[in-house]
Amino acid sequence: MSNRRKFIKKAALGTVGASTAFSYATAKSKSVTTKKAQKKPLVISTWRHGLAANDEAWTQLKKGTPALDAIVAGVGIPEGDPEVRSVGYGGLPDREGKVTLDACIMDQNSDCGSVSFLQGIKHPIAVAKKVLENTPHVMLTGEGALQFALSEGFTEEDLLTEKSEKAWKKWIEKSKYKPVINIENHDTISMLVLDEDGNLSGGCTTSGAAWKMHGRVGDSPIIGAGLFLDNEVGAAAATGLGEAVIRTAGSAMVVELMRQGKSPFEACKEIVERIYNKHKNHKDMEYLQVGFIAINKNGEHAGYSIRPGFNYAVCDDEEGNRMEPATSKIPKKNK
Ligand code: ASP
């Protein structure tokens, strides 16, 4: 087992203890955490499609591309891949057969940009970045977001692939809304980056829950819900049932717990448990899955979910690009 892996395992077991951004900044001891603080850059992304996204982001970072551009390029891979049915082109549509997209991006200065309920644009993350750069706002939605994208030179195109249209036609036969937990080709891509200079940034892009109501917006474009970071502390992002993440301000809470001294693992675990407890008697419990990924300034990272099956892709210099399993609140045998 490499030192890196041993370290991650130790952190996951909670034996590293309260390794905070503050303890890092001021640490003089030769603790494992402090040593590992030198490991940059680091890129982590949700789900298996995170591997291809990490690869691209990593290549860009190594070329000296700024982190936000690396994120746009990285998550742009699943966005443009018609076989990834939960993001961008080829994403499963809403119940009216429309592919509607949500995305957001955030940088080290807490500047952010977001689009929601955007149709006809393959790379919503790139539009979100333009919102950050070229508007006085944080979030544009629907028709306004589309008009803005067109004014920025994006091209409108049909994002509903034959495969997704077929799946939608099959769904309308029964029209039963029951999000599927951990299906293949599933879910939002959220990416968190700790760059060479030790600065944090992140992005999040999705076609949202399949068969959602027309006009539904999930957690992914909402800063604080689907994504949040504070460059003094850490970064977190979510995937899963967006309604549950919005109700609990999920990603912002994970970052706040890291600010208070929790490791990424401890912070993700506590918020997942909070979400689970708040939904125990809720109608959504039957299909409730939420997963978080988080990193801190030390380069520690973690993933934690309600149900088993969630994993995330991690890329660093020491071990390259690989999948890491997330720990789950509900054990595998009870899922
Ligand atoms: N969080 C996304 C949403 O609710 C979907 C997902 O990650 O599965 O729109």
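So here's what we get for this one:
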| item | result |
| --- | --- |
| Test: residue in the range 124-132 that is modelled with pLDDT of 95 or more, open to solvent by 70 Å² or more (accessible area, probe 1.4 Å) and either within 16 Å of the ligand (Cβ to nearest atom) or of a type in the set (Lys, Arg) (or both) | no |
| Elements of type strands (runs of 3 or more DSSP E) in the range 292-335, at least 2 residues being surrounded by 21 or more Cβ atoms within 10 Å (Cβ to Cβ) and of a type outside the set (Asp, Glu) | 301-305, 311-316 |
| Residues of the range 250-271 satisfying the condition of being touching a residue at least 60 places away in the same chain (Cβ under 8 Å), open to solvent by less than 60 Å² (accessible area, probe 1.4 Å) and not polar (S, T, N, Q) | 258, 261, 264, 265, 266 |
| Qualifying residue in the range 100-107 (condition: over 30 Å from residue 62 (Cα atoms), open to solvent by less than 60 Å² (accessible area, probe 1.4 Å), part of a loop (DSSP other than H, G, I, E, B) and within 13 Å of the ligand (Cβ to nearest atom)) | yes |
| Subset of the range 224-244 [outside any loop (DSSP other than H, G, I, E, B), near the ligand (Cβ under 10 Å from one of its atoms) and open to solvent by 10 Å² or more (accessible area, probe 1.4 Å)] | 240, 243 |
| Among the residues listed as 274, 247, the single one being within 14 Å of the ligand (Cβ to nearest atom), without any contact (Cβ under 8 Å) to a residue 60 or more places away in the chain, farther than 25 Å from residue 85 by Cα and surrounded by fewer than 24 Cβ atoms within 10 Å (Cβ to Cβ) | 247 |
| Residue list for the range 134-164, restricted to those being surrounded by fewer than 12 Cβ atoms within 10 Å (Cβ to Cβ) and of a type in the set (Asp, Glu) | 143, 157, 158, 162 |
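The values are calculated or read from the model by the stated rules, or taken from the named source; none is laboratory data. Since we're looking at a predicted model, the values are computed, not measured. Because the Cβ atoms are built from the backbone with ideal geometry, glycine has one as well, and the counts that use them run over all protein chains shown. SASA here: full protein model, heavy atoms, side chains in, ligands and nucleic acids out. Shrake-Rupley method; radii C 1.70, N 1.55, O 1.52, S 1.80 Å.
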